Every structure is written in structure tokens, then in C-alpha cells.
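Here, each number is a calculation from the coordinates, and none is a lab measurement. Model, not experiment: these values are computed from the prediction.
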Amino acid sequence: MSLDLEQIRRIARLARIAVSDAEAADTAASLSGVLGLIGEMQAVDTTGIEPMAHALDAQVSSAQRLREDKAVEPDRRTAYQASAPAVQDGLYLVPRVVE
């Protein structure tokens, strides 16, 4: 399946995105490539193949190498919040935007 420029312009309008003619042509080529790849994947016969819940299910060994869960960078929250206009209890205060 391929998309033409009119379809790209319609999608851009629906998404409220301004696209030039050159961008529309590039986008059409990119999206057509993605749709072509999806078509190829749908054409593969997967009869008898059970879906995997996770990629690690395919490993021969059930043991996973896990690193120790520890902080490796220093806490610099105070330094980062020093330039913020308003901070309270370690949180950034921002103006309300939804009423």
C-alpha cells in the first residue's frame, strides 16, 4: 500500500500539522515504506506459532543477568531546583493551566 500526497495532506490537516510539498513527498515515501513492511509481515504464515509474552521467553536459559539496582549518579536535585522560579517540598511549582 502506498500513500499519495493528497492522503498525506489530509492526515497532516487532521493532525493539525503544517507540511510543505517537499515534506509531504518525503513523508509519503516514508509511510509507504512502513506500510509495505507491515504488508510483508502480514503475509508471513504464522500458523502453529505461539505468541510470546516477552522477548526473554525465547532465551534458552531462563536465568536473566540483572545488574544491582543502585543509584550511580549523585543527587543534584537541589542544584537543579536552585534556578526554578518556585519550588516546594522538592517539587517544581507551575501555574495552573487547567481550570
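Report summary: the helix-based calculation at 222 nm, which adds -39500 (n - 2.57) for every DSSP H run with n ≥ 4 and divides by the residues of the chain, gives -12000 deg cm²/dmol. Shape of the chain from the C-alpha gyration tensor: oblate (a/c of 1.5 or more and a/b not above b/c, with a ≥ b ≥ c the square roots of its eigenvalues).
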